[in-house]
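What follows is a set of notes on a single structure, which appears directly below.
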Amino acid sequence: MTVTWNFRCACWGIVSSLLVAVLFGHCLSCQAHLALRITEGAVTILLFLSSLIAFHISTLRCSESHTLSSLLLSYWWHQGEWLATPFILAKANRMWKHPREAQEDLIRELTRRHAKTEYGRKNRLGEIRSLGDLRRKHPLTTYDHFKDYIQRLADGEEGVFLGERSLRFGVTSGTTGTGKKVPYSGFFWEGESFAFKLYRLGIYQGISRPSSVQKRCFLYTHPKFSVTKTGLAAASFLFVTENDTSIVIIPEQSSPPPAFTITHEPSAMYVHMLFAIADPNLAMLQAAFNSQLYRALTCLETNWRAMLEDLSTGKINTKIPLDPDVRRSLQGYLRPDQARVCQLRREFEKGFEGIVKRIWPHLQALDGIDISGFKEKLQEKYANGTVCVSAFNYGTTECGSPTVNMWVTEKEPRYVIIPNIVVYEFIPEEECLEKDPTTLLIDEVEVGGRYELVSTTRTGLYRYRSGDVVQVTGFHERCPVIRMLYRIGEYLNLVYEKMNAQVVDAAIKATVGSWPRVQLVDWTCAESPIYDDSPELYYIVFIEIDEEQTDFTENQLSKFDEYLQHHQYYYKNLRASRTISAPHVHLVAQGAFTDLEDFTISRTTASSNQYKTPRKLKTRELVEWMMERVVN
C-alpha cells in the first residue's frame, strides 16, 4: 500500500498534537527556570502551528511527487498568495479606476531614476515631470535610437543608460537574425512581480483555485543564451536560471529542476510530459502558447508506450537525447509506479479523444496564448471536456507583462492594461506609417479604436514604437481593455494596400474551411519581389493542412483571392487594374511549420518559448526554404 502525503501529514498532526498537550501540561506544572519554561512554550507554539498545517494539508488534494521541502514551499506560497489576494486586487482596482494618475506617477519615477545618466542628461529627462512633458520634450523612437547606449551598458559602462544596475538582458526573438537586447533591472522585476501576481489571480477568475499542494506542468525549453562582457546572461524573456530552482516556481512544478535545463525542445517536451502523466492529481498544464500544448499532447500520443516503459522502470528512454548528468539527475526523481502505468495504459488504448480529462481528472485548465486556432484543435481532440484559458499576459521582451486577462474563459482573449508597469501612448491606425504621428494617452482612447502602441518602459525605453496594433474593446473601471490585432511589420504591401495579417488569417481560414475533410495547421505569406525577379506582383501563400491531400482545383485555391477582394477595398481595385496578380497559394508537406520553427531557432536568437510563426517571410532564403516543401 502506498503511503500518501495526506496520511503522513495526518500522522504528523496527531503526533505533534500529543506533544503539544504534553509540553503544555509540563509548562503549567513544572517549577523549572523561567528561561526553560519560555523555551518550552515557544516549542509548544511551533508544534501547535505545525499540527494545524499538517492537518490542513491532510485534507487537501496532493501531488505525491512532492518532497517534504517542495510540499511545504508550495503550501506556504499558495496560502500566502490566497491571503494576499484582497490586497493585490485592491491595489490594481485603485489603478484601474485612476489610470491617468498611475501613469503620471510612473513617468515621474522613471525620469527620476534615469535623469542623471548620460542618456538622461542628453535627452533632458530631468525636465519631464508629466505625460504632457513626455509628449512635448521626447521624440518617438525605435530600437536604433537606444542600440548604442544598450551595447555600452552590456559592455560594462556605468551611468550610460539606466540609473541602476542591470541584472540580465532580455533578447527579442530575432526571427530574421540577431535579436534586440533590453536591460532588466530590479525596478523592472518589481513590476513583473506585481504583474505575475495579477496573472495568477486572473486565472482564478475563470476556474476553481487548485489545492495549495497540487502540482502544475509548465512546458519549458531552456533557451540559448549568451553572456555579456560583464558576465550577465542575455536570453529570451522567459528564462529560468539556476537560482530559480530554489523558489516556488519549481516546487509547484511536476517536472523536477533538471528538466528546466534541457535545451532540445522535443526532449524537453518528452520529459515534461513523462513527469506530468505520473501525477494523477495534476492541477494545470501550461505553456506560453497553445501550439506548444498541442505539440506536447501529440508527443504523448506518439510516445506513450515508451513513456509507460520509463514509468515502469524508473529509467528514461535512451533514444531521448539528454546530457548524461541531466539524465542521471532526472532518473533520481522518477519513481516506478506500476499501478499508475496500468491505469494510463487502459486510457491510452482507448484512444486520445478527450485524453486530458481521462488521465488528469482533477486538472483545472490548459493555459496558453492562442495562435492559429490551436485552442480549437486542442478542444476538438485532446482537451474535449477540459477548460482552455488564455491567462498569459500580452507582453513583449521590451516591455515585460503590462497587461492581464481577467476574463480567461472568454473565446477571444482581451487584456486590461496594468497602468504602473508601462506608460502607454496610442497612435491612431490611420497614422501608423507617419514619421511623427499624433499620440493619445490612456484616458483619451475610444472603444473600437485601433492603435499602434508606444511604450515608455521600466527597461529604459522612452516613447518606443512597438509596431503592435491593438483594438480597444472596452474599459475595466476606467482603464482600456485591448486585444492584439497584428504587427505593422507583417503588413503585405505590394503597392499601397497595406493588407494586415488579421485579414489574411481570416481569408486563409475561410479558404481551408471550404475544402472538404481537412483542417488548417498553420500558414505564412510573402511578397513576390523578395523571391521573384520578374516585374509581376503577387502574394505567395504557404498553407499546411492535416491531410496529405494535394488534388485541390484552381477554383478551390482561388477562394483565398476572392475573400481578400471581398474584404479589402484597395486590394480589390489593384486586382481589377491588374496591378497585382492573383496570389500563388501553395500547400506544403505535413510538418513543414514544425521544421520551420527548428530551422529558425537554430539560426537566430529565437527560443521555442517565445517563437511564433512569422506571418510574413522577409528573406529570400526563408521563401526558398518553404518552396522546397511545396507539395501541390
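The numbers here are math on the coordinates, done by the rules we state, and not lab data. Since the structure is predicted, the reported quantities are computational estimates derived from the model, not experimental observations. Ideal geometry is used to build each Cβ from the backbone, glycine not excepted, and the neighbour counts take in all protein chains shown.
What to note about this one:
- Dividing the summed -39500 (n - 2.57) terms of all DSSP H runs of n ≥ 4 by the residue count of the chain sets its mean residue ellipticity at 222 nm at -13000 deg cm²/dmol.
- Residue separation of residue 435 and residue 264 scaled by 0.36 nm, minus their Cα-Cα distance, works out to 57.4 nm of gained length.
- Whether the range 195-310 is rounded, prolate or oblate, judged on the alpha carbon gyration tensor where a/c under 1.5 counts as rounded: oblate
- From phi via Karplus (6.51, -1.76, 1.60), per-residue ³J(HN,Hα) for the range 400-411 in Hz, x at Gly/Pro: x, 10, x, 9, 8, 8, 9, 10, 5, 8, 5, 5
- For the chain, the relative contact order works out to 13 percent when only alpha carbon pairs closer than 8 Å and six or more residues apart are counted.
- Relative contact order, percent, the range 491-627 [alpha-carbon distance under 8 Å, six or more residues apart]: 29
- Distant-in-sequence amide H partners of residue 486 (H built 1.01 Å from N, under 5 Å): 469
- The range 345-412 shape via C-alpha gyration tensor axes, a/c threshold 1.5: prolate
- Summarising the label geometry, the points placed 7 Å from Cα in the beta-carbon direction at residue 581 and residue 549 lie 2.8 nm from one another.
- Mean separation of Cα pairs under 8 Å and 6 or more residues apart, divided by the residue count, gives the range 208-386 a relative contact order of 25 percent.
- Close amide H contacts of residue 236 (hydrogens built in the peptide plane, cut-off under 5 Å, sequence separation of 5 or more or a different chain): 171.
- Applied to the range 130-142, the Karplus parametrisation 6.51 cos²θ - 1.76 cosθ + 1.60 on θ = phi - 60° returns per-residue 3J(HN,Hα) values of 7, 5, x, 4, 4, 5, 7, 9, 10, x, 5, 9, 10 Hz, with x for Gly and Pro.
- log10 of Debye I(q)/I(0), alpha-carbon scatterers only, for the range 244-342 at 0.15 Å⁻¹: -0.57
- Per residue, the convex hull spanned by the alpha carbons of the range 208-386 comes to 125 Å³.
- Distant-in-sequence amide H partners of residue 168 (H built 1.01 Å from N, under 5 Å): 184
- Packing rank of 504-512, 104-112, where each peptide gets the mean count of other beta carbons within 10 Å, highest leading: 504-512, 104-112
- Neighbourhood charge, 12 Å Cβ-Cβ cut-off, centred on residue 91 and excluding it, Lys, Arg +1 and Asp, Glu -1: +3
- Per-pair calculated FRET efficiency, R0 = 30 Å: residue 61 and residue 302 via Cβ, rounded to 0.05: 0.50
- Length available on full extension from residue 323 to residue 380: 0.36 nm per residue minus the Cα-Cα distance, which gives 16.9 nm.
- Charge context of residue 611, other residues only, Cβ under 10 angstrom, K/R +1, D/E -1: -2
- Cα gyration tensor category, rounded, prolate or oblate, for the range 491-627 with a/c compared to 1.5: oblate
- Estimated distance in nm for a label pair at residue 205 and residue 155, the labels positioned 7 Å out from Cα along Cα-to-Cβ: 4.6
- Residue 628-residue 362 FRET efficiency (beta carbon distance; Förster radius 60 Å; 0.05 resolution): 0.85
- Value in Å of the Kirkwood radius, where the chain supplies the Cα pairs that are averaged: 27.2
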